[in-house]
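**Student:** First the structure, then my questions, so here it is.
None of the figures in this text is laboratory data; all of them are computed from the coordinates on show. Bear in mind the structure is a predicted one, so any value in this text is a computation, not a measurement. Because the Cβ atoms are built from the backbone with ideal geometry, glycine has one as well, and the counts that use them run over all protein chains shown.
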Amino acid sequence: MLGEADSTKLAWKPHTEVEVRGEDARHLLKLMDGLEEDDDVQSVWGNENIPDEELEKLG
Amino acid sequence: MAGHSKFKNIMYRKGAQDKKRSAIFSKLSREITVAAKMGLPDPEANARLRAAVIAARAQSMPKDNIQRSIDKASVGEAENYEEIRYEGFGPGGVALIVEALTDNRNRTATNVRTIFSKNGGNLGASGSVSHGFERLGLIEYPASAGDSDKVLEAAIEVGAEDVESD
């Protein structure tokens with residue numbers, strides 16, 4: 001129907017999200033990046049919602 | 001369909017991660033080897049392996065590398081890997097689930113705990129966070145796969161619970 005998928009995986013989808021902005025958002029992304037950099041870590045899932053304008057500010 | 005994707009954050013972070021190709025290949029091949037070991041080393045007969053191979057192909061992993069990772073399973077290289085899930089909280093009170101494949105529980109636990117505490121988070125007990133999530137199959141297509149109507153139609157046809165786009 002749609003050709004080959006980019007990925008198929010088991011995901012953890014949060015029931016509700018937590019909005020994060022500013023310094024919290026910055027530190028959260030640093031934490032998640034740090035975790036993903038670890039050789040043994042395969043996936044990181046979170047219930048964060050970082051609004052687009054915050055993402056843009058973080059560049 | 002949602003206008004904003006909940007997975008946009010993941011896209012944003014993955015942008016920076018793409019630069020570390022070797023790290024990605026290492027994770028992809030580990031998943032392939034472990035998946036191949038868990039069932040038949042044949043993507044047609046092993047859903048987890050099929051998913052792992054799809055993911056590897058999407059990252060342009062060469063066919064040879066993929067096959068080598070599958071072959072590693074039969075020579076016993078996947079024997080020692082186990083799946084571990086860590087749960088904790090990060091800045092902003094965000095709940096986090098970390099999935100790892102490791103041949104050394106202690107090393108991984110120590111590293112994960114350190115990363116959490118160094119970055120304003122804390123590791124919690126198993127189950128402390130995951131009750132706030134549901135386990136779902138996630139299938140990602142590139143935008144070129146079709147327009148929103150086509151994708152929505154395909155999703156409905158296969159009984160998808162939700163569709164999101166970036």
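**Student:** Please enumerate the residues belonging to region A:13-57 that are more than 7 Å from chain B (Cβ to nearest Cβ) and touching a Lys or Arg at 6+ places or on another chain (Cβ under 6 Å).
**Tutor:** Passing the criteria: only A:Glu54.
**Student:** Can you list residue pairs whose Cβ atoms sit under 7 Å apart, with the first residue in region A:1-21 being without any contact (Cβ under 8 Å) to a residue 12 or more places away in the chain and the second being part of a loop (DSSP other than H, G, I, E, B) and not basic (Lys, Arg)? Count only pairs 6 or more apart in sequence or on different chains.
**Tutor:** Pairs that qualify, where the first residue is without any contact (Cβ under 8 Å) to a residue 12 or more places away in the chain and the partner is part of a loop (DSSP other than H, G, I, E, B) and not basic (Lys, Arg), are A:Leu2/B:Tyr141; A:Leu2/B:Gly146; A:Ala5/B:Tyr141; A:Asp6/B:Tyr141; A:Asp6/B:Pro142.
**Student:** Report whether or not A:Gly3 is more than 7 Å from chain B (Cβ to nearest Cβ) and farther than 24 Å from B:Glu99 by Cβ.
**Tutor:** no
**Student:** How many residues, within region B:156-166, are assigned to a helix (DSSP H, G or I) and at the interface with chain A (Cβ under 9 Å from one of its Cβ atoms)?
**Tutor:** 1
**Student:** Here's something else I'd like to know. How many residues, within region B:103-131, are in contact with a Lys or Arg (Cβ under 9 Å, 6 or more places away or on another chain) and surrounded by 13 or more Cβ atoms within 10 Å (Cβ to Cβ)?
**Tutor:** Summing the residues that are in contact with a Lys or Arg (Cβ under 9 Å, 6 or more places away or on another chain) and surrounded by 13 or more Cβ atoms within 10 Å (Cβ to Cβ) in region B:103-131 gives 4.
**Student:** A further question on this structure: Could you please find all residues in region B:131-151 being within 27 Å of B:Gln59 (Cβ to Cβ) and part of a helix (DSSP H, G or I)?
**Tutor:** Once the filter is applied, which keeps residues that are within 27 Å of B:Gln59 (Cβ to Cβ) and part of a helix (DSSP H, G or I), region B:131-151 yields B:Ala143, B:Ser144, B:Ala145, B:Ser148, B:Lys150, B:Val151.
**Student:** Within region B:21-47, can you find the residues that are among the small types (Gly, Ala, Ser) and either loosely packed, with under 13 Cβ neighbours inside 10 Å or closer than 20 Å to B:Asn80 by Cβ (or both)?
**Tutor:** Correct list: B:Ser22, B:Ser26, B:Ser29, B:Ala35, B:Ala36, B:Gly39, B:Ala45.
**Student:** Of all residues in region B:115-148 being among the polar types (S, T, N, Q) and facing chain A (nearest Cβ under 9 Å), which is nearest to B:Ile84 (Cα to Cα)?
**Tutor:** B:Ser130
**Student:** Filter region B:138-147 for residues that are touching a Leu at 6+ places or on another chain (Cβ under 6 Å) and of a type outside the set (A, V, I, L, M, F, W, C); which is surrounded by the most Cβ atoms within 10 Å (Cβ to Cβ)?
**Tutor:** B:Tyr141
**Student:** Of everything in region B:70-83, what is surrounded by 16 or more Cβ atoms within 10 Å (Cβ to Cβ) and in contact with a Pro (Cβ under 9 Å, 6 or more places away or on another chain)? Give them in sequence order.
**Tutor:** Scanning region B:70-83 gives B:Ile70, B:Ala73.
**Student:** Another one. With the structure loaded, tell me whether B:Gln67 is under 18 Å from A:Ser7 (Cβ atoms), surrounded by fewer than 19 Cβ atoms within 10 Å (Cβ to Cβ) and among the polar types (S, T, N, Q) or whether it fails that test.
**Tutor:** So B:Gln67 does not fit the description; no.
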